[in-house]
Each structure stands twice: as C-alpha cells, then as structure tokens.
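The values are calculated or read from the model by the stated rules, or taken from the named source; none is laboratory data. Quantities reported herein were computed from a predicted structural model and do not represent experimental measurements. We place every Cβ from the backbone using ideal geometry, glycine too, and count neighbours over all the protein chains shown. Each accessible area value is taken on the protein alone, full model and side chains, heavy atoms only, with ligands, DNA and RNA left out. Shrake-Rupley method; radii C 1.70, N 1.55, O 1.52, S 1.80 Å.
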Amino acid sequence: MTPRARTSGLATALAALLSTPAAAAAPPGDAAPAGAPGTVALDASPALGEEVVVIGQRVGPLDSADVVTSVDILGGEAIQGQSTAEPLELLRRVPAVYVESFNQGIINADVGLRGFNTQGDVAHTKLLIDGIPSNHHVGLPDMKAVFPLEIERMEVVKGTNDPRYGLNNVAGNIHVITRKTGSERIARLLAGSFWTVEPQLLVATEHDALSQTYFAGYRGSDNYRDHTRTDRVAGSAKWFYEPSRELRVGLILRGMLLDADAPGYLSAEDARARPTASPAHSATDGGRQTTLHASVHLDHELVQGLSWQLKGYGQAFLRDRWVKFDPDLDQQLRVENDRQYGAISVLTYRTRDPRALGLTVEWGVDYQLQDTRAQRIPTVDRERQGAPFRDEDFALHAAGSYVQASASPIKPIKLVAALRADRLAGAGSFLEQPEGETARMVDYDLNDYGFIWQPKASVMVTPVKGQSLYANYGRTFQIGTGKGAYALQGTPLDPSINDGWEIGARSSVFPWVTSHIAYWEQRASGEVRDKGDGSGDAENVGETLRRGFDVELTLRPFEFLSVWGAFSRALSEQVEPGPALAANKGKELDHVPSFSAKGGIDVHPVQELLVSLFCYAQGDYYLNKENSTPEHGARKVGDYVVVNASAAYDVSEALSVGVEVNNLLDRSYDTSIWYKDFGAAGAQHNPGNARSAYVTGTLRF
C-alpha cells in the first residue's frame, strides 16, 4: 500500500476494534471481516477504521472480533514493510505482548502473554496461520514460513474465554491471516545492515470464480553477532474456487527451508565489552529446519443462516540443531521430527428473525494428531559420536468440541455463553538407562486427564454509541509438554486448570480519541513446566496467580497526525508451590517482565510521505523461580527501551521507497537472559542489535 493510504496500521486497527468490540467477523474463506449493517468493519484494507455499511447478512463462523475480551488486530500496513529476522518479532507492536529474541539459530524467539514467560517451559499461547494450528509439539509457536509481505493481518485474543481452541490456548491465541484474494503483483526488495537482503514477490490473480495467490521470499543476513549467518527461503501457493456466494473451496501449500548458525550466549561482562562476539565453544553450533504444510478449506452456506466451515491439514516441522551451551559440556545434535495431522469443523447458525434477539449458535469440533520423534545425539563439531542418549517417540491425540451461543435480550446488552470439552490420549516410547543397567526403550501412556470441561461466559453493555463495558470469565487448561505429558512416574497427573476473568471498558465517543482499559486475573491450579535442565522432565510448580491491567489510547488530533500508546502491567505469584518448593511461596514466576509498553507517532507532512516513530519497552524480571541467583542475588534484570524510526515515500502509483532505522538511539541491551545451574554456572546473555538501517523498494506491476 502507498503512504497516502496509511493511517498507522496499529492505530487504525485499535480504533476500529475499540469502536465496535466483538462486532465483526470474517465471512467464509477468512476474507477481511465485514460488519453487520450499521457497524464499523474490522477491515484489513487501507480504510481500516472507517465506517463501512454492509448490505446483507453476515455468514460464516464467529471470529476473533466476536470474543468479548481484549482483542487487538494488527493490519497489514503495520507489518508488510518491516524488517525482522524472526517473524514472531512483528508482534512487538501489539499491546500487552512481549517477545524474547534468543538469536540461537533455528530457535530464535518466543512470545509472552498474560504473565506467562517466553522460555518455552509452558505451552501457553496458540498460534494459527490461516486457521491452522502452528505450534510445535512442545507448544512453541512457529511462523518462520511466513514473510511480512504475505500477511494481511494478525489477530491477538488475550484471556481465557475464547472457546474455539483447546490445546495450548491457555493465555490466549494469535491468528495470522495471509493474502488469498485480489489481483495484484508486488515485488519488494529490502537491503541494509549486516549484509541483509530480503526480496519478496507476491502475485495474485482472480478470474471468474478462481483466485490464485503465489508468494516467494528469501532472507539472508550475517546479523549483528559473529557466527549468526541465516538463510531462510519460503514459498506458498493458494487456490480458492468460489462458484457461488454459498460455496468456497481452497487449497494452501506452503514450505520453508532455514539454515542458521548459532552464536551461543555470553557472560554479562562479555555482553557489554564484546557484544558481537561468539564464544569458541559455539563455533559449530547451528541448525536446519524444514517446514511443510498442506491444507484444504471448505466454506458452505447450507441454508440461509446456517453455514459450515471445514479445514483439514497435514504439516511437518523437521529440525536438526547442534548446540553446546558450555565449554564443560559436550556438543549434542537435537533432532525433532514433528508431524501433525488434523481437521476443524465449525457449524454456525445466525437467526434472521428479529424476534430471536440476535441469537447466534455455533458448534465446533477439532482433532489433531501429533506424531513426534525427538532425539539427542552426542557430537563433536557436528560429527556423531555414538547412539542417542535421549530418544522419544510418541503420539498425542487431541480432540475437542465446543458450543457457543450469543444473544441480545435488550438492545444495549450482549450475552455470550460457551462450554468446551477436550479429551487427550496417546502413548510413547522413551529411552531410559537406570544406573548400572543397559539402556532400554520403555512404553508409557499419556496421563489420563479425562474430559477437561471449560465453561466460559461474558457480557457487554453499550449504554451509548461508542462506549462499551464488558466482563468475562473463562477456563482453559495446561498439560506438560513432551515427556512431561506422560505417566512416567506411574501416578496420573491432573491437568492444570486455568480460571480467569476480566473487566474492561472501550471508548470511541469522539472520533479523534479511542481508548481501552482492562483488569484481568488468571489462577492455575497446578502449573506444569519443563525443568529447563535438558532432561526433558517436567515439574509441578503448584498453584499460581497472574494478574494485571492493560491501557491503550489512540489520538488523531489532526488529519496528518496519529499518536498511539499502550501500557500493560503483569504480576505473577507462586501461591502454593507444594512441600518440595515451599521456600518459593509468594515469589514471582521467572522471566515475566513487570511491564510492557509501546507507542508510536505517524505523521504525513505531505500526502506522499509517511514518517513514523515507534518505541517499545519492557520491565525487568527474575531469572529463576527462587528469585535469587549467585550472580545477581535477588535483583531483577532484563529491562530495556528501544526506539525505531521509518519513512516511506510514494514516487509514483507503482513505486514506493522507504528507509527504516532500528535502535535509533544505539542503546545497549539484552534481548534474552537466562540462568543455567549446570556447567559453569551463571547468567547467559544475548545482546540486542546495535543501530541498524535498511532501505526498501516496492514495485506494483
């Protein structure tokens, strides 16, 4: 899109959302949302945030904007021109989401939400790409197969009252919607610091009932630190056939290849004195990842008011990673072959009778099979030195179903109630070697979690146009990941039940200001997390409590100026960690930033030029659940502030150019810090990039 069409991707998305919470949903095929008559549409077009009157009735399933909770939608204009080494970093612009960049080859980043950390020890946020789950078997969200130019929008739902998803949907979910329709040809080339080059090409055509979309992208960079060369190439093809308004069928194919070196971590002293260095013991660390995906999509309006959406998919995340965290340890090859197969069915009924109080009823069913082989093999400079010392081969079957109903008994009041149930099953074989005995593969069944029932309810009151108050309650669940989900100890482990609630207010009474404020709490009955010691074993940290508040504000005092900001405070507590960890009672959970703040200014000095300033910051955190390490004592670490700037100019209707400067003030900071209590104990740091600059050229032809 051209600068004259932009009004700040996030600011306009927030404005649209704040003015009509839970009022818009996607029609069949994940097209851009359309509002009901007389409402504001959450549209991913350049006119995002403008009032759109839609003739006719909505069809298709409920979507993220229908969930009465904190929802943020990041439009394509705030995404497509960015430079990021890891696509998950695009979420830094979303309020209350914090991103940690590990910068360790194919293990590069994770996201945190609602007081859950970014260490991968708890699977807490579900990621979907075009409606298909995209989490590894251990819960890590993965969107490496998607480049910015291909993204239409990103939807982030926070909290516990979204019934559409079960497994991994503990604190919320993220949905990435890619371009699938239209007639356009776009070529974009980015180049800049650290010998970075990123060409992207998107070609979309529509002819009669058939739409075709093809994308290819490559990113190569030496990156800021030594021994961090990364080469990533991805492509996708999408075909959708829509012979009538009532029927749409489609096929999506996607693939990605990644080859990346890993620089390892540094001590605090080295991170400050030599931030670009890579320790000698990491000289051959790195990895390769292949991602393959195929999915079929069906949207069908069976009769007036009754629609059915069906998705089926198969995908694989294949990873080889060489890693040596410490000079006292041996290098190891970590092999993970994660294959997933599943189907999602959603039946939605929307009443057309005005006497039915706007009743909408939805029934969803989903199933996923995770077929995983995970091995750890001793190596020296990437050469295998023997048989695997850790070998896991397991399958997890996850099936869930939900029923949701919403109605407006009185015009200013909307009520939503839902009930979801999930059932998990599976079996696995794990390599064991008791002291003095020969190694052997031992079979274990998945913990018998039974049916996991999750009630959800919410209410929204709109006393005057542009002013809404809402409250919700919801239950989600969490289980151990990998080996932690199986009955290795012979004692069944109950799922951790996560009960949460939220109250909030949205306001857009005046066209030049919109706001959102919310307070939330989430309490887990018995949180299970990976120990983080490389064993693959899990531990139960007991009852935990997370709570906090979010504030968002967008101002448009003039046509040429937009200012937005968001602040989120998160507190976590180990309420009842159990007898074995009694000393941790009342202490904070590790790696949870005390706050997350971000904001931006977008200025149009002239119609063809857009100048933007973006700032994000996060608070400090403890490095372990004991809240004390030998190096830091009881001191928190990890807080930082980074400022980015960009400008884009329309040379013509077909050509635009841009420049982006990241870490404008050239601040020294760490994007990742963790504490290891094995090898040479101490805190390990990954320094963030110094000031970097990139130029882009975009051609529409």
### Task
For GLU631, tell me the accessible area in Å² from a 1.4 Å probe, rounded to the nearest 10.
80 Å²
### Query
Dividing the alpha-carbon Rg of the range 529-604 by 2.2 N^0.38 Å yields what?
1.72
### Task
Check the straight Cα-Cα distances from LYS180 and name the lysines below 17 Å, setting aside those fewer than 8 residues away within the same chain.
LYS238, LYS311
## Note on the structure
Normalised Cα Rg of the range 71-207, dividing by 2.2 N^0.38 Å with N its residue count, works out at 1.08
### Query
In terms of solvent-accessible area of protein heavy atoms at a 1.4 angstrom probe, what is the ranking of SER211, SER628, highest value first?
SER628, SER211
### Query
Kirkwood-based Rg over Rh for the chain (C-alpha set), two decimals?
0.94
### Message
Rounded to the nearest 10 Å², what accessible area does SER535 have for a 1.4 Å probe in the complete protein model?
### Response
40 Å²
### Task
Can you sort LYS676, LYS414, LYS585 by 1.4 Å-probe accessible area, starting with the largest?
LYS585, LYS414, LYS676
### Query
What accessible area per residue, rounded to a whole number of Å², is obtained for the range 188-285 using a probe radius of 1.4 Å?
44 Å²
### Task
At a 1.4 Å probe radius, which order do VAL197, VAL528 fall into by accessible area, largest first?
VAL197, VAL528
## Note on the structure
Cα-based Debye curve of the range 451-493 sampled at q = 0.15, 0.23 Å⁻¹ gives log₁₀ I(q)/I(0) of -0.60, -0.86
### Summary
Counting only protein heavy atoms with a 1.4 Å probe and every protein chain in place, the carbon and sulfur fraction of the accessible surface of the range 538-595 in whole percent equals 65 percent
### Task
May I ask you to order 101-112, 391-402 by the average number of other C-beta atoms within 10 Å around their residues, highest value first?
101-112, 391-402
### Task
Would you compute, from DSSP H runs of 4+ residues alone, the mean residue ellipticity of the chain at 222 nm, taking -39500 (n - 2.57) per run and dividing by the full residue count, rounded to the nearest 500?
-500 deg cm²/dmol
